[in-house]
Structure formats: structure tokens, C-alpha cells
Amino acid sequence: MSTFADTTFTSPERIRNFCIIAHIDHGKSTLADRVLQLTGVLDERAYRDQYLDRMDLERERGITIKSQNVRLPWQVDGADHVLHLIDTPGHVDFTYEVSRSLAACEGAILLVDAAQGIEAQTLANLYLAMEHDLEIIPVLNKIDLPAAEPDRYAAELAHIIGCEESDVLRVSAKSGQGVSDVLDSVVLNVPAPSGDADAPARAMIFDSVYDTYRGVITYIRVMDGRITPRERIRMMSTGATHELLEVGIISPDQKPSKGLGVGEVGYLITGVKDVRQSRVGDTVTFDKNGAEQPLPGYRDPVPMVYSGLFPMDGSDYPVLRDALDKLLLNDAALTYEPETSGALGFGFRCGFLGLLHLEITRARLEREFNLNLISTAPNVVYSVTLEDGSDTDVTNPSDWPEGKISEVREPMAKCTVIAPSEFVGPIMELCQSRRGNLDGMDYLSETRVELRYTIPLAEIVFDFFDHLKSRTRGYASMDYEEIGMQASSLVKVDILLQGEAVDAFSAIVHKDNAYSYGSRMANKLQELIPRQQFEVPIQASVGSRIIARETVRAMRKDVLAKCYGGDISRKRKLLEKQKEGKKKMKTVGRVEVPQEAFVAALSTDEGSGKEDKENKDKKGKK
Amino acid sequence: MSTQPTGDPAPEDGSLPASALTTLGRRPFGVYVHVPFCATRCGYCDFNTYTADELGSSAGFDGWLDGLRAELELGARVLAAGDNPVPAAETVFVGGGTPSLLGADRLGEVLGAIRDTFGLTAGVEVTTESNPESTSPEFFEGLRRAGYTRVSLGMQSAAEHVLRVLERRHTPGRAVEAAQEARAAGFEHVSLDLIYGTPGESTDDLRASLDAVLRAGVDHVSAYSLIVEDGTAMARKVRRGELPMPDEDVLAERYELIDEVLSGAGLGWYEVSNWASGVDARCGHNIGYWQGGDWWGAGPGAHSHVGGVRWWNVKHPARYSTMLGEGKSPAAAREVLDTADQRVERIMLELRLADGLPVEVLDDAGLLAAKQAVADGLLRAEALETGRCVLTDRGRLLADGVVTRLLG
């Protein structure tokens, strides 16, 4: 079936570019699937649930990490239109990528679950869209759920956007009810793109993806002029030029075209193999007679969170290195450099946009490359000024300067939490314990409240979200944004086994929290480290001052009582097995520490588990 | 043991590699005989034993004895294949199982069969294990007449409730009585076995057992902490929480108590689980195990070692008899130790002895570890200076860990 949308160079007034802003699980992918079906782009036979989320990991976690986009035909009152649906990543870690997707659109569907209301991340992305002057089309999804409260949440959305409650569309993406109204509304309300068709070509990259067979696939939105194949293009941030091998549209698979005109969205293939050469936010122009000025808004990705990744089995180090090299092809934000830890051996210090980025990267390394990894506690970037006036950035506690420190600055974040109002107390308690400062609080409706905090980024990158979830029985959502550095009283706490510092356990914490971190770690390790043939003191120290101490008592008996003629072969084999097992132990000084102890000591499970229990107890008492 | 090691196939004719026979006669040589019979099976035991009900009539005492004779003959033939003469046995140890179930006459026949095949040296040490409830003055006298020189009695405990948990059938006073009967029958060397750390055993219970041991006037004591082996009835009870196991710290204290009481009474340790009143009172047969001696182990499931080759027989008495009846070796599998294996074994075994391990066996890393173990109070400083690794009192309880360290 051929349609109006099959050929490019469509007149801009017939084009509508839009995205969907939604929280995880609020039905974005289902709506996208429905739209593909409704526009006839995807027939029933080829239909696959949540077609747009291609990565397995994304399907599993129900989130979109890498966006996809698609060109759709749609008629309103007999007039043909082309819709470009630009899918956006949905998580705070990818705010910059979201902002580039938004910059490729003129409108956004704000999709909210009619049983849950708007969530903090959605709100953050909505504000981002409003900053980009996007036309917002408010839509409540899942209206057929028994728990749906469309009237209540329509009022909430109207309050937030400043529209009438009657403007809020009500759909069920699952059944398809109301979905064509949404598309009509896109055509009627979203402005057509504008641009200078005669100016030198300028197209913005809003995503780039590495494909094993085709190299990097770059997604662009043409702002001015025309992009046509078989010419040399230039990436304006780097000045690098590439032969443009192919230009095309996606509907829903890649289809080469004769080119793309103003307002059109499609893909480019140049044969480059690394997404770093095709960066999100960059401007594509022609090498000859190209544009002079790039489009505004390009930014280099800056890692916010660092963590050491170490293979459980030291011999997997080369596998980890190759795996990171491969991930890098598809992830312009990931950074890494080799790191050696006395406790964990050879690994890499990796920089991530945020916690989710870290988790996803780790999960992909483990799954796609069959690696078993230990990751150290995530770290933000501290800026340390020494008394001699020199400055250092510290991304790893091991690099904490030895000399006299005159000032330490840490990144701060503006954090927004939305939750049912009954949880205000526990949320405030948590934020205060994390050195948060309340900036303001707003009731979005009678029962839902938005809290705004200024909080050190370090306090939220570790286990803040887990704690927030467990204190609010999963109802709270949060979002944060970095807002610059602030001086703070920070110290490095070391954990010593038999007087020897274990680098993997060192942490930079506020001086008021040094004792609690130190004693918690010492306590945990005391339970985790098996008794040795000698006493093992575990100490926590700040500089040369010991702030906490525990002891693993010496083992008193290990000898198997009997060893006669019939026991010898079995016992020798047991020894050989033990020797193999010993290889899996990490040795700190003379102390043998099982891998599991490192994993357990570095994990946060225990803390949140306890809180869950507390909550259960409280619930029980009610 | 209930689980046998994995090994290489053993040849049907039982023959040994020529290399194993070149050193024959240069090491102590002994014969072990396994008696796979018990009146009942104790809940903690995972040894290769069978009750009459389990075996039925086909594999009774006589069938077993026929098999044993055949195996001893095979053994003498196999050892004669080398250039060295077949050595006479310096030690014989009849274990089980419950050898006393056979009665003194059959035990006499067993020793006779060994005399007829390998031969016995002039000063041969001949031990049999016995359960107190199946012995009598006549039994011991019969053993003496047959040529036995040593008796080892499974006393386990003097506390009735402990014996009950262990499912032992003798009454608390019977072991001491039996030891005294053995001495009266002329046995100079009598040993009592103790088990400590049984669920429910108190320190006072153990003290009472030790008092009883001393009253019995024996010259040798073995004491083992109860090991709950997988697959035993006791392991199931422990798993279900019906029997509370004492922790290792309590076991360490019990061991220290045993060592204190025994050495106070003139019984010094010569191996981590064995005490004797003098060098003559030590069990020469067991020392052979720990010092890399050669021995032929005859009987179902028995293990043997000759010149760096270890092998073990099929476990079931019926199969054992059948194989020998067909003229085949009853070996189930074997392993030929390389130099590295032999070194590991030397460290593992000789370190258990009060005489210790010569430092020449250690490599550089092991020697360094030995020095560290001295610093940790696990090896004796003065012994290391004279070239031997000898465990300290504390080190004895941590011998397995010290072995691992000395392996380098």
C-alpha cells in the first residue's frame, strides 16, 4: 500500500513533528504501537508488542533507552499529512538527549496514566517541552482501568498546563479508543515546521545508533535546505566530513529516499563506526556550500556519576575491555579508563550520565558479554582546592589528595519529588537525612504534593531512590537536575583490614556522616569476612584518626579429626579444590576476603531491606 | 568412607606399574583388613559397613573370608612381580565395621591368612578394632592366642545420653570393663576411642568420659570431634534442627580439655587426634599412613598404597566376593600420584604428627608461610630452627589451614 508519506520533500505545512512525554508504564509504547497500526504503517501480521522498544533490556525494564522514530501518513478532512513521531528516552539520566528530541518537534503528547496521575520525571520533561515552546496535547491513558480517575487527573493536568479540563483527551491505547482523536489533534494543534528551504542545509542530530551491519545510523531533523545523498557532509562540532551514503525515512523500517526537505525527519548513513563521530545535538551540513552557523544547543555529554567496574574473575579483564569498547560505539556518554584496585584488581573507572545509565551499562555488560562484575559505590565529581591553591577534580576516593585541603566543593542538584500527601513526613525525613534543603512544596491536587529540594548530588546517586520508594510504598516519583557546585565539609573515610586500607570501600562523605558510614561498613564486614587463622581488626579512619573498630575473631578449629588410609585421596582432592577456591578470594594484606563479601558490602540491599521491614511493621500496627 | 574418590580405571589383574614396585621394602609395610559388618548401623556412621539384614545370606562372614583369602593371595602375587622380595607385614590392622562380631576364631583365621601370604615380621604389631558390647574375657584371650598384640575399643563416651544420640549399643561402663579385660588377657597395648562434640554433650560429660578413660588404664587414646557426614541419619536430624550442633569454638575448648587431661596423665599427643603413653604405645600401623608407608588394604572398600599408587576396592561385599571368585582384582579405581601430588600428601599428612614435617618438603613460598605461621603461633619456633614444621597446641586445631598455607 503506497501512501502520501512514502515520498519525501513534503511541503512543510503538511508535516507535523511530535513526541510523547510519559512516565514508565504509563503506556507510551502501547500508544505508539496503536498509532503505527492505525496509520497502516505496521500491519497486523508484522505487529509486535511495543515495536518501538527494540532492545531486550528495554522491553524487560519497560523503559526506552534509545529512541526510535517513525514517519506516518494521516488524513484529516481528506487532506494528507505526514506525521513524524519522535520517541524520547524517558529517564532523567538522558535529559540532554530528551532535550534534543524535543528540539526536533513542534508538539508533544503529554501521556498520563488515568489511574496514577503525573509523575515527577514526566513533569520535568513537560517543563522541558514547554521551555522549547512545544504545543502540549494532554492525554489521559488507561481510562478503561477500574482504578482510573480521569476527572481527577484531568483537573490536575489542566492545573499544571493551564488549559481547560475539557481539552484533556481520554484514550485507551490498549483498546485503541480515542487514539485517532489524538492524531487529529496533533494535525490541528501542532504547528507546522518552518525553515528556509533555500538556505544551506542544516539538520540536527537527535539520536545516533550503532548497527553491526550498517555502522552508525544517525537520526536527523532537517531545519533548513535539503539533505541529499552522495555528497560530503560535515559535522559542525568537530568539522569531520563523511561521504553521505544513504538518506532515508523510517516507516517503520529504513527506506532510502531521494533526500529530506525542511521539517522532515529521517536517517543518514555515512559508514562511520562510532557514535562519537555523530553526536546528539550536532548540526549536519554539506561540506561544500555548507552553513556557517550551527544550530544552537549542542553540548558535549558530561559524566555525572563514576563507578569502578571490576570483573569477578580477574582473567575476564580483557573481555571487559573489549565489551566496553563495543558499548562505546553506541554510547557517546560513556567514558572509561583503566583502574587498578588493591582489593578488586584490574578494572575500569567508568563515567555515566546518572544511575540508570550505570545500571543499564552494567546489566548490558553482564548479559551481552557474559561478564560477572563488581561495581564500586557510585561517586560524583568533587572539586578540591588545596592550601597551596591548586585545584583537583576527584572522581575516585583513591585520588583524594593527601595534602592540606582548604576547600571541597560538591555538585548540587535540584530534586523534585511527587507523592501522595500522606508521605510528606517520611520524604522530608529522608531528604533531611541526606542533607537536603527544602525549597518549596506545592499541592498538585488535594492528595498529591510536589516537594522541591536542593540536595547534594552525591546523596541521591547512591540509594536515595530505593529509600524513597520504600518509604512511600512505591508511590513517589523523583527527578533531579544538577545546578552547580557548592562548598561542603567532606572527608574521606577509609576502611582498614589489619591496618591496610581497602580502596574499594573508601568513601567521600560529609563529616557528620563519617562515623555512621565507618561503623556501618566495619559492622557489615565483620559479619561478611570469614574467620581467619588470626584476629582481623577492621577499622574505619578519617586520615590517621580511627573512628570505628570491629574485630573478626581468630578461627579456633578447622582440623578434620580423622585422616587414615582411606581418607587420604579424598582429603588431597579436597585440598586441591580449596586451593582453587582460594584463587577466587581477594587477599587484602593477609586477609582472605571472598568475592561475595565485597559484593555484599558494596550493595545497598541490606539498608533498603531493613526499611521495607520497618514499613511492614508499621503497616501491621495500623 | 561413604563417598569414594574418583580415579583412573584399575587393571583387572590388580597389577601395579613397575615404578611402584621399585621402592618396595624400603618403606614400612602393613596390611589393613576391612570387616564390613555391624550388628546395627549407628546414625552418625558413614563407613562401609552392612548389617546382616542388609546383606542377606549370600555375603556372610564365610563368603567374606574366602574373598579376603583370595585377595591376600592376589596381593602377594602382585607385589612379587617386581625385582624386590615381597615384604613381610610389620603391622596388621583389622578395622571396620565391627571386627569383634567375627569372634576370636575367625579373627585368628584372618591373621593366619596374612601370615600365609605376605608373612609377618618378628615384632609385628597386630591390632583389631572391637566394640565393647561384643567382647568378653574369652574373646580377648582368644585374640592373644592368635597373635594379636593390640586392641582398639570404640568407647565414644561415658555418658549414657551421648551414647544414645550416637546410637551406640554398649552401656557406659562396658568400655572400661572391656579395656580391663583386654589388659587382664595380656594385652599391653589397649586403645580407647572417644567422640567429642556430640549434640547434647556437656563439658562435664566429656570430663566424666576422660575420667573413665584414665580409670581403664589404657596406653593409647584417639579422640575425634563428631563429623556429621552427608547422607547419614544424623545429618538429616541436624538439618531438620532436631540435633543442635556445637560450634567450632566449643569443639576447640573440648579438644583443649582432652589434651590437658590426657597429657596430665602421661599420654602425649603424637598425631592431632591420637595420644599415647610412649613411643611403643603409638599405633605403628597408622603412623605408616601418615609417613607415606606402603600397605595392602584387603576387604570391601579398603584403600591401599604402594609406591605412589593408591587404589580402593569395590564397596559392596557381594560384588567384592564375586570379583575375587572370578579371579579378578576387586579394585574399583586407582590413582598414580605424580611428584606434586606426593608432595601435597606429605605436607598434609606429616604435619599432623608431633614429629612434624621436614622443611625440605616445602618450596620457597611454603617456607615463607611456615615462618609466618610461627609468627602467628601455629608452628613451633624452635622446631623450625632445627628444620621441622611442628604444630603448636593452637596450631593443632588449625592444622588444615596451616597445611593450605604451607602448600604455597
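Every read-out reported here was derived from the displayed coordinates using simple, explicitly stated rules and does not represent laboratory data. If you're wondering where the values come from, they're calculated on a predicted model, not measured in any experiment. We place every Cβ from the backbone using ideal geometry, glycine too, and count neighbours over all the protein chains shown.
What stretch of chain A, leaving out the sites themselves, is the longest with no chymotrypsin sites (Phe, Trp or Tyr not before Pro) in a DSSP loop having at most 12 other Cβ atoms within 10 Å?
On the way: sites that count: A:TYR47, A:TYR213.
Longest gap between qualifying sites, sites excluded: A:214-622.
With both residues required to sit in the protein assembly as shown, DSSP beta bridges show an antiparallel share near 70%. Per-residue 3J(HN,Hα) values for the range B:355-367, derived from phi via the Karplus relation 6.51 cos²θ - 1.76 cosθ + 1.60 with θ = phi - 60°, read 6, x, 10, x, 5, 4, 5, 7, 8, 4, 5, x, 5 Hz in sequence order (x marks Gly and Pro). By the rule of a C-alpha distance below 12 Å, with chain neighbours fewer than 8 residues away ignored, the aspartates and glutamates paired with A:LYS571 are B:ASP341, B:GLU345, B:ASP400. Neighbouring Cβ atoms from other chains, within 10 Å of the Cβ of residues in B:392-404, number 5 on average. How many angstrom lie between the Cα centre of the range A:498-515 and the Cα centre of the range A:396-468? Distance between centres, Cα-based: 22 Å. From least to most packed, judged by other beta carbons within 10 angstrom and beginning with the fewest, A:HIS84, B:HIS220, A:HIS132 follow the order A:HIS132, B:HIS220, A:HIS84. When the pairs A:LYS492/A:LYS586; A:LYS492/A:LYS524; A:LYS326/A:LYS579; A:LYS258/A:LYS288; A:LYS28/A:LYS414; A:LYS583/B:LYS315 are compared against a 29 Å limit on Cα-Cα distance, A:LYS326/A:LYS579; A:LYS583/B:LYS315 fall above it. Evaluating 6.51 cos²θ - 1.76 cosθ + 1.60 at θ = phi - 60° for every residue in the range A:473-490, the Karplus couplings come out as 6, x, 7, 7, 10, 9, 8, 8, 9, 6, 10, x, 9, 8, 5, 7, 8, 10 Hz, glycine and proline recorded as x.
Note on chain B: dipole from Cβ charges, positive end direction compared against B:ALA340, B:GLY264, B:PRO246; the farthest Cα belongs to B:ALA340.
Of the trypsin sites (Lys or Arg not before Pro) found in the range A:98-177, none is in coil by DSSP with at most 12 other Cβ atoms within 10 Å of its Cβ.
Hand me the GluC sites (Glu not before Pro) from the range B:181-214 located in a DSSP loop with no more than 16 other Cβ atoms within 10 Å, in residue order please. Before the final figure, lay out each step's value.
Working: sites: B:GLU181, B:GLU188, B:GLU201; in loops: B:GLU188, B:GLU201.
Answer by residue number: B:GLU188.
Can you give the longest stretch of chain A with no exposed loop site, where a site means GluC sites (Glu not before Pro) in a DSSP loop (not H, G, I, E or B) with at most 11 other C-beta atoms within 10 Å? The longest uninterrupted stretch comes out as A:447-622. As a proxy for reagent exposure, ranking A:ASP33, B:ASP280 by other Cβ atoms within 10 Å from fewest up yields B:ASP280, A:ASP33. Here's the list of aspartates and glutamates a cross-link from A:LYS404 could span, going by alpha-carbon distance under 13 Å and ignoring same-chain residues fewer than 8 apart: A:GLU387, A:ASP388, A:ASP391.
Assuming charge only on the beta carbon of Lys and Arg (+1) and of Asp and Glu (-1), the dipole of chain B about its Cα centre is about 360 debye to the nearest 20. Think of it this way: in chain B, B:CYS38, B:CYS283, B:CYS389 stand alone, with no other Cys Cβ under 4.7 Å.
Under 5 Å between amide hydrogens, built in the peptide plane, is the criterion, and for A:SER406 it picks out A:THR385, A:LEU386, A:GLU387 among residues at least 5 positions away or on other chains. Considering only A:TYR267, A:ILE217, A:GLY239, the residue lying farthest towards the positive end of the dipole of the range A:202-286 is A:GLY239, judged by Cα position with unit charges set on Cβ.
Summarising the amide proton neighbourhood of B:LYS315: residues at separation of 5 or more, or on other chains, whose placed amide H is nearer than 5 Å comprise B:GLY301. Each of A:ASP512, B:ASP259, A:ASP25 was scored by other Cβ atoms within 10 Å of its Cβ. Listed from fewest to most, they are A:ASP512, A:ASP25, B:ASP259. Under 5 Å from the amide H of A:ALA343 lie the amide H atoms of A:ASP503, A:ALA504, each residue being 5 or more positions distant or on a separate chain, with H modelled from the backbone and absent for Pro and chain starts. How big is the gap, in Å, between the Cα center of the range A:294-351 and the Cα center of the range B:296-341? If you average the Cα positions of each part, the centres end up 56 Å apart. Rounded to the nearest 20 debye, the dipole magnitude of the protein assembly as shown is 1580 debye, with +1 charges on Lys and Arg beta carbons, -1 on Asp and Glu beta carbons, and the Cα centre as origin. Look at the dipole of the protein assembly as shown built from charges on Cβ: of B:ALA375, A:VAL139, B:VAL151, the Cα furthest out on the positive end belongs to B:VAL151.
Think of each Lys and Arg Cβ as +1 and each Asp and Glu Cβ as -1; about the Cα centre, that makes the dipole of the range B:338-408 roughly 240 debye. Derived scalar couplings between HN and Hα for the range A:503-508 equal 4, 4, 9, 5, 9, 9 Hz in order, rounded to whole Hz, by the Karplus curve 6.51 cos²θ - 1.76 cosθ + 1.60 (θ = phi - 60°), x for Gly and Pro. The alpha carbon centroids of the range B:42-113 and the range A:535-550 are separated by 61 Å. Among the trypsin sites (Lys or Arg not before Pro) in the range B:213-264, those placed in a DSSP loop whose Cβ has at most 10 other Cβ atoms within 10 Å are B:ARG240. Shielding by partners for peptide A:572-585, expressed as the average number of C-beta atoms from other protein chains within 10 Å of each residue's C-beta, is 3.
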